[in-house]
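Below is one structure, written out as structure tokens; the observations come after it.
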Amino acid sequence: FENKYNVGVAKKSYLENINGYFKNLEWEIRRWNPIAQSIFNVFYWNYPEYIKKSVLLINIGEKNSTIIGVQNGAIQAVEELRIGIQGINDALIDQGISKKEWNNRIEYQVPRSFILATGKKVDQGQYDSILTPVFEGWQQDINRVINGLRKVFPFNNETLIFLGGSACEILYLDNFFEGILNLKSNYLNPIRNLAFSPNYIERNQLPFHPT
């Protein structure tokens, strides 16, 4: 009974039929998320020293984000976070701040008040007053999902967080998660163990953040 089977389906009715069939066999049914699997693969091949530890992989997306609980080298839980970079863009647009280049996010940062609460000193951000309600909403949704996640994925103060996706585009986001969850946060590097051709490009010369 140690075998695991991944079933991919498109229509909800098909999914319900398959779930019903396996439940009759008294098999446990879990959702399979391609994004979660991809992020886990990145972690598995680049951070072998943490495979047996308890880890939360958090991928920040444009509209929605994904949190993956990993333990003993396997995905134990996957949950969706209703937060994303577009929430920041929308808040700025609502205040009449139009960004011609929507992907130019050099001025995005977690508002100073959230970082001061962690005991660290940072400069005031250009949009702190506008973005404070956005990050208050983020904090509420993160806490909601984490409280539910604890029921199926127990973790402790030694659990690590790895942030990926668009996380790097928001300054101090690692400090933000550390402050909320009181867990050490790092940025996920998908090319950490990737071999580079010396004739092509140096690892530290990439024109973008590896996350």
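Taking the stated definitions as given, is Asp123 of a type outside the set (Lys, Arg), surrounded by fewer than 12 Cβ atoms within 10 Å (Cβ to Cβ) and in contact with a helix residue (DSSP H, G or I) (Cβ under 8 Å, 6 or more places away or on another chain)? The answer is yes for Asp123. Restricting attention to region 83-138, which residues are among the hydroxyl-bearing types (Ser, Thr, Tyr) and without any contact (Cβ under 8 Å) to a residue 24 or more places away in the chain? Once the filter is applied, which keeps residues that are among the hydroxyl-bearing types (Ser, Thr, Tyr) and without any contact (Cβ under 8 Å) to a residue 24 or more places away in the chain, region 83-138 yields Ser98, Ser113, Ser129, Thr132. In region 38-66, the residues that are under 21 Å from Val145 (Cβ atoms) form Cβ pairs under 6 Å with partners that are of a type in the set (Phe, Trp, Tyr), at six or more places apart or across chains, as follows: Ser54/Phe155; Leu57/Phe43; Leu57/Phe162. Applying the criterion of being in contact with a strand residue (DSSP E or B) (Cβ under 7 Å, 6 or more places away or on another chain) and modelled with pLDDT under 95 to the residues of region 55-64, the residue that is most open to solvent (accessible area, probe 1.4 Å) is Asn64.
Residues in region 155-193 that are without any contact (Cβ under 8 Å) to a residue 40 or more places away in the chain, in contact with a Phe, Trp or Tyr (Cβ under 9 Å, 6 or more places away or on another chain) and not in a helix (DSSP H, G or I): Ser185, Asn186, Tyr187.
Which residues, taken from region 75-113, are of a type outside the set (Phe, Trp, Tyr) and open to solvent by less than 20 Å² (accessible area, probe 1.4 Å)? Once the filter is applied, which keeps residues that are of a type outside the set (Phe, Trp, Tyr) and open to solvent by less than 20 Å² (accessible area, probe 1.4 Å), region 75-113 yields Ala77, Leu81, Ile83, Gly84, Ile85, Ile88, Asn89, Ala91, Leu92, Arg105, Val110, Pro111. For region 150-202: of the residues being small (Gly, Ala, Ser) and surrounded by fewer than 17 Cβ atoms within 10 Å (Cβ to Cβ), which is modelled with the lowest pLDDT? That would be Ser197.
The values are calculated or read from the model by the stated rules, or taken from the named source; none is laboratory data. Just so it is clear, the model here is predicted, and its values are computed rather than measured. Backbone-built Cβ (ideal geometry, glycine too); neighbour counts: all protein chains shown. Accessible surface is based on the protein model in full, side chains and every heavy atom, while ligands, DNA and RNA are left aside. Shrake-Rupley method; radii C 1.70, N 1.55, O 1.52, S 1.80 Å.
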